[in-house]
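Data block below; observations after.
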Amino acid sequence: FSMGDMFGDDHTPNTTTSADMDFYHRDLLQYLTEACHSMPFFFCLGNHEGEFGYYLKQNPPNNIAVYATNWRKFYFANPFPNGFYTGNSVKEAHGMDLPENYYAFTWGDALFVVLDVYRHCDINEKPQNWDWTLGKTQYDWLKQTLETSKAKYKFVFAHHVMGTGRGGIELAKLWEWGGESQNGQLDFAGQRPNWTTPIHQLMAANKVSIFFQGHDHIWVRQKLDGVTYQTLSQPADPNYTLWNADAYLTGDKFPNTGYTRVSVSPNQVKVDYVRTYLQKDEGPGKVHGEVAFTYTLP
């Protein structure tokens, strides 16, 4: 599973061309072909992919979001509803068809749910607070998926709690994710009429084991209401930096660089943070492949 920010760059949404997006996606084929020749590759969209709902509406089909969707699907197929996978079943114009942006499946003892916190947020170019949304269709699908799953373990993935802030459980009580405005007022019912419960409470009520997110370039484990919030490191940062540590007031924190290995058995889930170092940077306490931290659930 990749947590996003791999393809393209949304810093130049008004000048990025289809040829640019073709290059950004094609350039990674050489690496992902080696890594994924014998295992699946699942992608969770990030903010830098450019597939943001606001951009989709700007002069279609000539916009970064349409270009990004079509080239992503051309090079890197994601799951779509087919009997084994569920997900976004709403077809889109301009060749995008099913956008393959959120999906779920069960494998063994685990349910995997991948969300898209960007595509269905089309209110303005720089959303704030309650502007950020999964959209009612994705929310209803998430609710049904969690409530009907009989899997022993449930894993939910999104690039970030909501939008482009920083932090994990520090943001989990806010806005659509947690139901509160920044002043502490519970405004969910007014802001999301006909929605039953905020996203965090939905995960807690349905016993989600781990919520995985990226975005912050740091490895942090936290827990809130029985749900483990696992922020994932950037797997290829040569600076090994503890980025954005001040956004996390609690938790087990480790710097880049490394990947997270999750082992599922009938009795438990084991999570390892595996450090990666360039050969020239190895030394005492810096061994490529060493496990920096391990925890188990339940």
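Quick notes on this structure:
- Yes/no for Ala35 being over 27 Å from Ala104 (Cβ atoms) and exposed (fewer than 15 other Cβ atoms within 10 Å of the Cβ): no
- Verdict on Thr294 being assigned to a loop (DSSP other than H, G, I, E, B) and open to solvent by 50 Å² or more (accessible area, probe 1.4 Å): no
- When Thr197, Thr257 are checked against the criterion of being more than 19 Å from the chain's Cα centre (by Cα) and at pLDDT 95 or above, Thr197 stands alone in meeting it.
- Within region 100-132, the residues that satisfy the criterion of being farther than 19 Å from Val208 by Cβ, in contact (Cβ under 8 Å) with a residue 40 or more places away in the chain and acidic (Asp, Glu) are Asp122, Glu125.
- Residue selected from region 101-119 under the condition part of a loop (DSSP other than H, G, I, E, B) and surrounded by 23 or more Cβ atoms within 10 Å (Cβ to Cβ), by the criterion farthest from the chain's Cα centre (by Cα): Arg119
Quick grid of which residues meet (1) in contact with a helix residue (DSSP H, G or I) (Cβ under 6 Å, 6 or more places away or on another chain); (2) buried (at least 16 other Cβ atoms within 10 Å of the Cβ); (3) in contact (Cβ under 8 Å) with a residue 24 or more places away in the chain:
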position: Leu134; (1), (2), (3): no, yes, yes
position: Ala151; (1), (2), (3): no, yes, yes
position: His159; (1), (2), (3): no, yes, yes
position: Met162; (1), (2), (3): yes, yes, yes
position: Gln182; (1), (2), (3): no, no, yes
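- Pairs with Cβ under 9 Å, 6+ apart, first in region 248-260 and closer than 18 Å to Thr228 by Cβ and in a loop (DSSP other than H, G, I, E, B), second open to solvent by 40 Å² or more (accessible area, probe 1.4 Å) and among the acidic types (Asp, Glu): Tyr248/Glu170; Leu249/Glu170; Thr250/Glu170
- Filtered residues of region 255-291 (kept if among the aromatic types (Phe, Trp, Tyr) and open to solvent by 40 Å² or more (accessible area, probe 1.4 Å)): Tyr259
- Region 77-99 residues that are more than 17 Å from Asp140 (Cβ to Cβ) and open to solvent by 60 Å² or more (accessible area, probe 1.4 Å), paired with ones that are assigned to a loop (DSSP other than H, G, I, E, B) and aliphatic (A, V, I, L, M) (beta carbon under 9 Å, 6 or more apart): Phe80/Leu98; Lys91/Leu98
- Failed item, numbered, when Gln128 is tested on (1) at pLDDT below 95; (2) open to solvent by less than 20 Å² (accessible area, probe 1.4 Å); (3) polar (S, T, N, Q): (2)
- Options Ala189, Ala236: the member that is open to solvent by 30 Å² or more (accessible area, probe 1.4 Å) and at pLDDT below 95: Ala236
- Restricting region 1-53 to residues that are among the aliphatic types (A, V, I, L, M) and in a helix (DSSP H, G or I), the residue that is farthest from Gly214 (Cα to Cα): Ala19
- Screening Thr228 with (1) open to solvent by 20 Å² or more (accessible area, probe 1.4 Å); (2) in contact (Cβ under 8 Å) with a residue 40 or more places away in the chain; (3) under 18 Å from Val113 (Cα atoms) gives one miss only, at (1).
- Checking the stated criteria, Gln144 turns out not to satisfy the condition of being modelled with pLDDT under 95 and open to solvent by 10 Å² or more (accessible area, probe 1.4 Å).
- Of Lys270, Lys280, all but one fail to be of a type in the set (D, E, K, R) and assigned to a strand (DSSP E or B); the exception is Lys270.
- Test result for Arg166, among the charged types (D, E, K, R), modelled with pLDDT of 95 or more, within 14 Å of the chain's Cα centre (by Cα) and open to solvent by 30 Å² or more (accessible area, probe 1.4 Å): yes
The values are calculated or read from the model by the stated rules, or taken from the named source; none is laboratory data. Given the structure is predicted, the values throughout are model-derived calculations rather than measurements. Don't worry about glycine lacking a Cβ; one is built from the backbone with ideal geometry, like all the others, and counts go over all protein chains shown. The protein model used for the area step is the full one, side chains on, heavy atoms only, and it has no ligands, DNA or RNA in it. Shrake-Rupley method; radii C 1.70, N 1.55, O 1.52, S 1.80 Å.
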